[in-house]
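One structure below.
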Amino acid sequence: MAAWSPLVHSLYQLTNLYQGRNGVLILKQYLNGRWVALSIFLALLAGFSIPFNTWSYSEFFALMGRRQPNRVWPEIFAIAGIVILFALIEYAYQRALNRNVAIFNQKVREHLLTADFIQTNQAGVADRLSYLTNDLTMVENNYLRQIFNIIRSVVTVVVTLAFALRSNFGLTLIFIAFASITPFTPKLLAKKTAHRAQQWSARVGRYMTFMADVLKNADTVLHYSALGFFLAKGRSIIGQSVTAQRRRDNTVAASNLVATVVAYVCMYLPIGFGVMMVVRGQLTIAAFVAVQYASNWIVNTFLGIAQSRNQMNATRPMLAKLAAFKALPVNLLRLDQPTDRLGQFTALNLAAVTFAYADDAAQPILQTINLRVHQGEKVLLTGPSGAGKSTLISLLTGMRQPTSGTVQFQTAAGKAFAPDPTMFATVLQESNIFNDTLRFNLTLGRHFSSAAIQAALQKAGLAAYAADHGLDNLIAESGNNLSGGERKRIELARAFLYNRRFLVVDEGTASLDPATAAAIQQILLTAPMTVVEIDHHIAPDLSRRFDAHYALNAGQLTRVTA
């Protein structure tokens, strides 16, 4: 019974992968059923290749024993033809497997594009990119491909065993008894292998973050003659990444070594029994050759199954991370949504709002905040760093929910509804600019009339730039071929084009020169929308132009009077 456990376990692995048991990964959503079925069918056919080679090898000895010359060439040509057929099946199998991998890559990346995977801060970008380039490649090669390889290997083992049993039942049972041990050896180091893989993924993510910092801020590093210090820091980070990879690979190698040693011990001991049976006249040489040749393939195939399972164990942390990413609300994918998600309102009201993180409930960041922003008002929020201004904005826009209190829009008809991030336009210190055309940066792929685009450009002060460069001018990554003011104006033009009624500005002019900052502030103060702006660098004469000015300090909000 133990000899059949690898077959049972392999089939269980297929079910676990495809149906998503144990919450590891629901692969069904990333694969195409017809291509999976075709790959399984071709894997089953390809699995007969080794058993056929085993039979054909023993058949050569049988031909020599029969001494019938007229049968030699017909059988040789027939065997050669079938070998070529199996080569074609192998080619078709590899193509079908590659198609499954391509479908997986397409669908899983589409899923991540529409999941909370994309919701990260600047510090998390490098980690996300590392997951796309490193972790998913491991999932593809060390999990998805290995599943089909296991199916193929199971067929090879079963058919080869059947042939060996037919040749000599007793000796084959001896080989089976020893060979059944090998697939279980990876369990000895499975947990350690998964732990090493997780450590490697974390170290690579840290290295990617470090390199992203260096590449984005290289001028600062060079101008301050700090490259030597960054080299020292980078040497440590690189060393940790390289060491983590070495330890992961060494652990995998150690696991493979254990599996290999056990496999060869389990191969040579049965051979000794077979030789003794031949010497004693209990077995013909032809039968021994058939069983021994078959046993080599049996052991090697069992070893392949064990190594495949070992690779799959190393990939489980990546699968768990993939399963943890949740899809965003489906309504965000609709192309027919109105650009104005808010509509008419009289005020946005925050009543007795308190917020604390769940792991530090005793230390609220905001306490009993009361704020009323009327439609069309321009409101300024100031306060020292760490006072909770950005947290207040996240509550105001519905990105976070208060621990207590309410945040609601109110209408003239007396209705109230909760805010949603899609109702707002935002301008942050780091501009949201795409490596695409000016037109795409404004429309984000949605269709707008030329008149609407021109009107938005005019309101944002970008008409001259658009006239000089054209709407199809390519914007570099992060807007590196634009000035700081041009990047802000693009964001404002986008908000105007989408007819957003509520604009939130979080340190939006902090990195601009005074003249450009003043020009952007003039646009904000005269814009036909409600504006809430966070800025603790604003000049006193400019702050007096806002309809209301609030100061946030130590979690408390107070109104500033002139």
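Values quoted throughout were computed directly from the atomic coordinates according to the rules given, and no laboratory measurement underlies them. What you see is a predicted model, and the numbers here were worked out from it, not measured in a lab. FYI the Cβ positions are ideal-geometry reconstructions off the backbone, even for glycines, and counts take in every protein chain you see.
Tell me whether the stretch 347-559 comes out rounded, prolate or oblate; compute the Cα gyration tensor, take square roots of the eigenvalues as a ≥ b ≥ c, and use a/c under 1.5 as the rounded threshold.
prolate
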- For 361-373, 39-51, ranked highest to lowest by mean beta-carbon neighbours within 10 Å, the order is 39-51, 361-373
- Message: Using a Cα-Cα cut-off of under 20 Å, which lysines could be cross-linked to residue 28, ignoring same-chain neighbours fewer than 8 residues away?
- Response: 107, 321, 326
- Query: Which label belongs to the value computed from this structure, given these candidates for mean projected area of the Cα convex hull in nm²: (i) 31.4; (ii) 36.4; (iii) 27.3?
  - Reply: (ii)
- Note the angle between two axes, namely the Cα long axis of helix 69-113 and the longest principal axis of the Cα atoms of the chain, as a number of degrees from 0 to 90, rounded to the nearest 10. 20 degrees
- Item | lysines with Cα under 27 Å of residue 216, excluding same-chain neighbours fewer than 8 positions away | 233, 389, 488
- From the C-alpha gyration tensor of the stretch 2-324, square roots of 5λ in Å: 48, 23, 18
- Message: So for each of 438-448, 537-547 I average, over its residues, the number of other beta carbons within 10 Å; can you give me the resulting order with the highest mean first?
- Response: 438-448, 537-547
- Between the alpha-carbon centers of the stretch 360-397 and the stretch 203-265, tell me the distance in whole angstrom. 41 Å
- Taking a point 7 angstrom from the Cα of residue 169 along the C-beta vector, which residues in the stretch 259-292 have backbone N less than 16 Å away? 283
- In degrees, nearest 10, the alpha-carbon axis of helix 285-324 is tilted away from the dominant principal axis of the alpha carbons of the chain by 10 degrees
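Which of 75, 491 comes first, and how do the rest follow, when ranked by fewest Cβ neighbours within 10 Å? Could the numbers behind the result be given before it?
Working: 75 15, 491 24.
Taking fewest neighbouring Cβ atoms as first place, the list is 75, 491.
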- Measure nothing fancy, just the Cα-based angle from helix 484-497's long axis to the longest principal axis of the chain, in degrees from 0 to 90, nearest 10. 90 degrees
- Estimated FRET transfer efficiency when R0 is 41 angstrom, pair residue 275-residue 91 (beta carbons, to 0.05): 0.55
- Going fewest to most other Cβ atoms within 10 Å around each Cβ, 223, 549 line up as 223, 549
